[in-house]
Ligand SMILES: NC(=O)c1ccc[n+]([C@@H]2O[C@H](COP(=O)([O-])OP(=O)(O)OC[C@H]3O[C@@H](n4cnc5c(N)ncnc54)[C@H](OP(=O)(O)O)[C@@H]3O)[C@@H](O)[C@H]2O)c1
């Protein structure tokens, strides 16, 4: 891995991958995202604006930069928004992958590492492995499955990493479940959390590290990579309260149906992650360990970013 291009590099996962790559590898890194400029002013981070929905831009940047690995984290990730803005969801989540495939076909050697989701499954069975049959219940899941299929049929070297329930710290990131729960707990007022949605919470640092381990090999195909423990959102929220020394008593269980969300959710999208764990010899943090690491990162106040960021 000599030259890595990261799409969606301002997102939760894109930031972490960039940071860990800069720290742990000698690779040249090009961060890209839709914004014109970047909040990261770091010697090891080159930045280039790239809207992945624009075929011409994707082709010309990839032709001139000539990466040997592209890590594609760019996506429209707001599940309810995807349900109403379907064309936009398709353009960002599916057409973008077509564009990458077209651009990469012109290079001698380049692998696309693409990030996908548990939302490709219906959530009726749970314990999904790489061999389980996808059957998405909402438009976001449909678009992410279509993107996987673009890669499978695109004739380029690729690796698909499905993950779920990401949480972590970062600069200007969207609110994730742990940050939302902490904000609610700090208000001290009773609030409801669904107890009928089950999944594997995944610390974004763990996922970024796992993706880099995958990137260092020449492996291709599909991997499920997620935190090593499955819980309901309600149990997860209580665990968050306890790790942060806040009162779990203010959290009460509710049902998903009470939320009247625009997009249907898969109820049990738990993963079997044995393929990754047996091939790479480690598993991702469980709830307690992941939350403790997250807590210490918050306590450091994103010092790492500040240290790396010349402007701070
Ligand atoms: N978060 C989760 O729980 C979760 C679970 C399973 C799978 N995943 C997958 O993991 C990947 C990373 O997720 P994440 O949580 O890091 O997402 P995120 O924080 O929303 O980051 C996605 C990034 O892509 C950018 N982007 C959007 N449209 C773009 C475009 N047209 N061109 C270039 N960049 C564009 C976004 O910019 P804006 O913010 O300006 O739109 C954002 O910086 C995604 O593929 C997602 O589907 C996430």
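The values are calculated or read from the model by the stated rules, or taken from the named source; none is laboratory data. Bear in mind the structure is a predicted one, so any value in this text is a computation, not a measurement. Glycine gets a Cβ as well: all are built from the backbone with ideal geometry, and neighbour counts include every protein chain shown.
Given the conditions (1) part of a helix (DSSP H, G or I); (2) more than 12 Å from the ligand (Cβ to nearest atom); (3) within 24 Å of residue 259 (Cα to Cα); (4) in contact (Cβ under 8 Å) with a residue 40 or more places away in the chain, which single one is not true for residue 141?
Result: residue 141 fails condition (2) only.
Looking at this structure, is residue 5 surrounded by fewer than 23 Cβ atoms within 10 Å (Cβ to Cβ), more than 11 Å from the ligand (Cβ to nearest atom) and not in a helix (DSSP H, G or I)?
Numbers: surrounded by fewer than 23 Cβ atoms within 10 Å (Cβ to Cβ): no; more than 11 Å from the ligand (Cβ to nearest atom): yes; not in a helix (DSSP H, G or I): yes.
Taking the combined requirement at face value, the residue does not satisfy it.
Out of 24, 83, 88, report the one residue that is modelled with pLDDT under 95 and out of contact with any strand residue (DSSP E or B) (no Cβ under 7 Å at 6 or more places or on another chain).
24
Keeping to the range 251-274, report how many residues are more than 11 Å from residue 199 (Cα to Cα) and touching a strand residue (DSSP E or B) at 6+ places or on another chain (Cβ under 6 Å).
Residues meeting the conditions: 5.
Kindly establish whether residue 148 is surrounded by fewer than 16 Cβ atoms within 10 Å (Cβ to Cβ) and more than 9 Å from the ligand (Cβ to nearest atom).
no
State all residues of the range 69-93 that are surrounded by fewer than 20 Cβ atoms within 10 Å (Cβ to Cβ), more than 15 Å from the chain's Cα centre (by Cα) and within 12 Å of the ligand (Cβ to nearest atom); if no residue qualifies, say none.
81, 85, 88, 90, 91 - these are the residues of the range 69-93 that are surrounded by fewer than 20 Cβ atoms within 10 Å (Cβ to Cβ), more than 15 Å from the chain's Cα centre (by Cα) and within 12 Å of the ligand (Cβ to nearest atom).
Between 29, 20, which is surrounded by fewer than 24 Cβ atoms within 10 Å (Cβ to Cβ) and within 15 Å of the chain's Cα centre (by Cα)?
Just a single option satisfies the conditions, and that option is 20.
Would you confirm whether or not the range 30-49 contains a residue that is more than 11 Å from the ligand (Cβ to nearest atom) and in a helix (DSSP H, G or I)?
no
Restricting to the range 163-196, what's the tally of residues that are assigned to a loop (DSSP other than H, G, I, E, B), within 16 Å of the ligand (Cβ to nearest atom), modelled with pLDDT of 95 or more and surrounded by fewer than 20 Cβ atoms within 10 Å (Cβ to Cβ)?
Final tally of qualifying residues: 0.
Return only the number of the condition from (1) crowded, with 22+ Cβ neighbours inside 10 Å; (2) assigned to a loop (DSSP other than H, G, I, E, B) that residue 156 does not satisfy.
(1)
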